[in-house]
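The values are calculated or read from the model by the stated rules, or taken from the named source; none is laboratory data. Quick caveat, the model's predicted, so the values are computed rather than measured. Cβ atoms come from the backbone with ideal geometry, glycine included; neighbour counts cover every protein chain shown. Surface areas here come from the heavy atoms of the whole protein model, side chains and all, with no ligands, DNA or RNA. Shrake-Rupley method; radii C 1.70, N 1.55, O 1.52, S 1.80 Å.
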Amino acid sequence: IEELGVADTAAAVAEMDLDDAVQVVEEMEPEDQRELLDAIPRGDRVLIEEALAFPEDSAGRMMQREVMTVPETWTVGEAIDFMREAADNEKLAETLPEVFYDVYVVDPARRPLGTIPLSRLMRSRRPVPVADIMNPKMEAIPATLDQEEVAFRFRQRDLVSAPVVDEAGRLVGAITIDDVVDVIH
């Protein structure tokens, strides 16, 4: 803030991945945090504040909020079409992660039912229901779980990504291996 000013710092933080933005903000003094957060656009600010509400060093602080989800009733073709349309639609594009490895199949209450590696989705025929190709044995991580336990689970189960769930079991984000490499190290 001293070097760039509040406006430029806020613009830079708003462009970061959520977990990186949270890390920058959480390392600031409380008065600097408030000043910076007030200067960040509302949508980005709300996401950062929600992440900061999770315990320090928890899965909720590490996770990405942007995840690729599809309803259990969709087909492979519908999922692929949605991703392509979202990439071409400015408003929808913001809801998709820039990089993702898994697609999460969710029920109407947004509880994860399974995962589909992106490679499996792309190799499947369009009329196949996503429920038929999903892996129902996934490692859902509670948002309040300590980051050391998250890293342990990733290391023990060779995970690339994992869904993060709230107390009600609803999907709230995902953690990818790049989010836990530093903790593992």
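A few remarks follow.
- Linear extension gain, residue 23 paired with residue 49, 0.36 nm per residue minus alpha-carbon span: 8.2 nm
- The residue 152 and residue 126 beta-carbon pair, evaluated with R₀ = 45 Å, returns a calculated FRET efficiency of approximately 0.70.
- Each peptide in 79-90, 10-21 receives the mean, over its residues, of other Cβ atoms within 10 Å, and ordering these scores from highest gives 10-21, 79-90.
- Solvent-accessible surface of the chain, averaged per residue with a 1.4 angstrom probe and all protein chains in place: 57 square angstrom.
- Cα-based Rg and Dmax for segment 1-78, where Dmax is the largest Cα-Cα distance (Å): 15.3, 51
- Modelled FRET efficiency - R0 45 Å, residue 101 with residue 32, Cβ distances, 0.05 increments: 0.85
- Distance between modelled label sites at residue 3 and residue 94, nm, 7 Å Cα→Cβ extension: 2.9
- Under the combined filter of DSSP loop state and at most 16 neighbouring Cβ atoms within 10 Å, segment 32-68 retains these GluC sites (Glu not before Pro): 56.
- This model, with +1 at the C-beta of Lys and Arg and -1 at the C-beta of Asp and Glu, gives the chain a dipole about its Cα centre of some 1560 debye.
- Where a label projected 7 Å from the Cα of residue 178 along Cα→Cβ would reach, residues of segment 142-161 with amide N under 19 Å: 151, 154-155, 159-161
- A simple spin-label model places pseudo-atoms 7 Å from Cα toward Cβ; at residue 78 and residue 135 they are separated by 2.4 nm.
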